[in-house]
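We did not get these values from a lab; they are worked out from the coordinates using the rules stated. Predicted model only: the values in this text are computed from it and were never measured. Backbone-built Cβ (ideal geometry, glycine too); neighbour counts: all protein chains shown.
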């Protein structure tokens with residue numbers, strides 16, 4: 001069964017990162033921001049037009065475009 005991506009979670013939804021798809025600079029940038037396998041993330045909300053989205057990671061919040069969040073796969077909690 002495929003795991004959902006971060007952009008598929010609803011506000012308030014939480015998940016544990018299982019993988020990040022890709023081999024390019026964006027993957028490296030996401031990892032540098034703290035999006036690592038095993039980390040817990042929570043979707044805080046979406047901008048009025050649906051993009052970007054805000055996620056909580058540890059003690060801070062990140063804004064991600066939906067196309068970026070679609071590469072981050074999570075196991076829902």
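Here are the numbers for this structure:
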read-out	value
Residues (within 17 Å of residue 63 (Cβ to Cβ) and in contact (Cβ under 8 Å) with a residue 60 or more places away in the chain) located in the stretch 6-36	6, 7, 9, 13
Residue count for the stretch 41-52, restricted to those that are farther than 17 Å from residue 20 by Cα and either touching a residue at least 24 places away in the same chain (Cβ under 8 Å) or assigned to a strand (DSSP E or B) (or both)	3
In the stretch 3-17, residue nearest to the chain's Cα centre (by Cα) [restricted to those that are outside any strand (DSSP E or B) and surrounded by 14 or more Cβ atoms within 10 Å (Cβ to Cβ)]	6
Qualifying residue in the stretch 20-37 (condition: in a strand (DSSP E or B), in contact with a helix residue (DSSP H, G or I) (Cβ under 9 Å, 6 or more places away or on another chain) and surrounded by 12 or more Cβ atoms within 10 Å (Cβ to Cβ))	yes
Scan of the stretch 53-77 for residues that are assigned to a loop (DSSP other than H, G, I, E, B) and crowded, with 17+ Cβ neighbours inside 10 Å, ordered by number	71
